[in-house]
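Trainee: One structure coming up, written as structure tokens, with questions to follow.
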Amino acid sequence: MPSEPALELDGVSVSYAGLRALHNVSMVVPQGAAVALLGANGAGKSTMLRTISGVIRAERGRIYVHGQRIEHRPAYRIARMGVVHVPEGRGVFPSLTVRENLLMATSAMSGALDPVEEGTALFPALGNRLAQVAGSLSGGEQQMLALARALMAKPKVLMVDEISMGLAPIIVGQLFETLRERVAAGISLLIVEQYVEAALGMADYGYVMDKGVIVDVGEPADLRRRGLVTAYLGGAA
């Protein structure tokens, strides 16, 4: 019998100031799978992630996490259910040190694990930056720190929004390898990513959005064969 989806959206719509940002969006992220959400700038991808995490309230539709409806729950309750959102941009506390940023994850951790030890084990490069103010880190180091904090929360559903933006390819490769390892360990991943081929390369399924609407869904090979990258993303790779 198929397992219950980790995340499911059913007919979700969202409006800003009378303008429809999401229209009747339905999506499934299977348990333990990686799903890529693709689309041009302004397609509604970040809005979808913010709606799932409770930052934006859905106008209509239903959102389920492991079978439980969440669309009317506050963001902190959704986070406690294991939905962790790494937003677009540098998701760190810039005026705090790297050590202090890692210690901020303590409340979300279970057991006797040390957040500094676990964070630097995930990304050893952070070990040489513990006393440095996070806002002065390189872009790649800030993304490592943001992802380390998210992973230490032991998410059941991890949502990552454009983690590669502005980073060198070698850093992007390191971040993606960490995500692959976590999916292999059982995390369910929903990733919004500008590097389309990199996202499809690690995804089990892909959804393509255009102007707030899901225009296609399928396995990566199917999306490539139908030419969706060229049609809706201007040939991004």
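Trainee: With the structure loaded, tell me whether L147 is in contact with a Ser or Thr (Cβ under 7 Å, 6 or more places away or on another chain), buried (at least 21 other Cβ atoms within 10 Å of the Cβ) and closer than 20 Å to G127 by Cβ or whether it fails that test.
Mentor: Yes; evaluated as a whole, the condition is true for this residue.
Trainee: Which of the following residues is assigned to a loop (DSSP other than H, G, I, E, B) and either over 27 Å from E177 (Cα atoms) or modelled with pLDDT of 95 or more (or both): G91, G32, G11, G61? Let's see the steps before the verdict.
Mentor: Numbers: G91 fails: either over 27 Å from E177 (Cα atoms) or modelled with pLDDT of 95 or more (or both); G11 fails: assigned to a loop (DSSP other than H, G, I, E, B); G61 fails: assigned to a loop (DSSP other than H, G, I, E, B).
Every option except G32 fails the conditions.
Trainee: Output the residues belonging to region 112-121 that are surrounded by fewer than 13 Cβ atoms within 10 Å (Cβ to Cβ) and part of a helix (DSSP H, G or I).
Mentor: Correct list: E117 only.
Trainee: Right, here's the next one. Is there a residue in region 134-156 that is in contact (Cβ under 8 Å) with a residue 60 or more places away in the chain and among the charged types (D, E, K, R)?
Mentor: Looking through region 134-156, at least one residue is in contact (Cβ under 8 Å) with a residue 60 or more places away in the chain and among the charged types (D, E, K, R).
Trainee: Next question, about the same structure. Going through region 126-148 one residue at a time, which ones are under 18 Å from P94 (Cβ atoms) and among the small types (G, A, S)?
Mentor: A131, A134, G135, S136, S138, G139, G140, A146, A148
Trainee: Anything in region 71-93 that is surrounded by 21 or more Cβ atoms within 10 Å (Cβ to Cβ) and under 13 Å from R50 (Cβ atoms)? List them, or say none.
Mentor: Listed by number, the residues that qualify are I78, V83, H85, V86.
The values are calculated or read from the model by the stated rules, or taken from the named source; none is laboratory data. Everything numeric in this text was worked out from a predicted model, so none of it was measured. For neighbour counting, all protein chains shown are included, and Cβ atoms are generated from backbone atoms with ideal geometry for every residue, glycine included.
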